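The values are calculated or read from the model by the stated rules, or taken from the named source; none is laboratory data. The structure displayed is predicted, hence computed values, not measured ones. Here Cβ is always computed from backbone atoms with ideal geometry, including for glycine, and neighbour counts include all displayed protein chains. What goes into the accessible areas is simple: the full protein's heavy atoms, side chains included, and nothing from ligands, DNA or RNA. Shrake-Rupley method; radii C 1.70, N 1.55, O 1.52, S 1.80 Å.
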Amino acid sequence: MNEKLLKKYLKYAGTDEAFAVLFAKKHIEDTRGHWVDVVDCRRYEMSSDNLHFRFVVGGLYRRKIQPQYPSKSQFTVDGKFDEHRYMLMVRAITWETAHKDIEQQKLKGIAPRKFKITGVSYDKNRDNKNFFRDDAPPEIKALAKNINDRTNPLWDTALRYANKPEFVYKIRQVYLAPRRA
């Protein structure tokens, strides 16, 4: 097994580019039979989801080179198949093949099918002028009349009903250039 390749792949797997490839595959139906080449991308840094991007721009290249995977027997020791290790190696080989194939096509002047995906993350409570949520009891909602007076013992439980930012992520646009004849 090629440990050097595996090490390079694992380093790549945590990058924005790797997540952008997954993002493109998730939102573009026509990626089957194509390699995804990310040209530029920008993530929402504050999001806990690695697949929340402001935008991803790139191209789709037809797969001309097929990856050559090792046999599963190479990952079987004493009759026990190491599926995790095998799948990591398959991903690493696929990644390496994609980069070789894309590079060769670029050298030959083959143009990809371009794409751009844009997304937006926003606070769905941003326009809500109420301090407390709609489901708050009336006596809690009454506290909103004087927010600065925190002497009422209800304030101990009232903050559980406060409107907090609630971020939502949505795809704004998916553009995929038409196929060329």
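List of remarks:
- Asp37 being in contact (Cβ under 8 Å) with a residue 40 or more places away in the chain, open to solvent by less than 70 Å² (accessible area, probe 1.4 Å) and in a strand (DSSP E or B): yes
- From the list Lys25, Lys7, Lys11, the lone residue that is touching a Ser or Thr at 6+ places or on another chain (Cβ under 7 Å), surrounded by fewer than 16 Cβ atoms within 10 Å (Cβ to Cβ) and assigned to a helix (DSSP H, G or I) is Lys25.
- Checking Asp78 against (1) touching an Asp or Glu at 6+ places or on another chain (Cβ under 6 Å); (2) open to solvent by 80 Å² or more (accessible area, probe 1.4 Å), the condition it does not meet: (1)
- Applying a threshold of 6 Å to beta carbon distances and a minimum spacing of six or more residues, or different chains, the list of pairs starting in segment 153-171 at a residue that is over 14 Å from Asp134 (Cα atoms) and ending at one that is among the hydroxyl-bearing types (Ser, Thr, Tyr) reads Phe167/Ser121; Tyr169/Ser121.
- Selection over segment 160-181 of residues that are loosely packed, with under 13 Cβ neighbours inside 10 Å and not in a loop (DSSP other than H, G, I, E, B) gives a count of 6.
- So Ala136, is it assigned to a helix (DSSP H, G or I), open to solvent by less than 100 Å² (accessible area, probe 1.4 Å) and not charged (D, E, K, R): no
- Selection within segment 47-66 - touching a residue at least 60 places away in the same chain (Cβ under 8 Å), farther than 16 Å from Lys114 by Cβ and not charged (D, E, K, R): Ser47, His52, Phe53
- In this entry, Leu107 is excluded by the filter for residues that are modelled with pLDDT under 95 and aliphatic (A, V, I, L, M).
- Among the residues of segment 86-104, not a single one is at pLDDT 95 or above and in a strand (DSSP E or B).
- Filter pass, Phe19 being open to solvent by less than 20 Å² (accessible area, probe 1.4 Å) and of a type outside the set (Ser, Thr, Tyr): no
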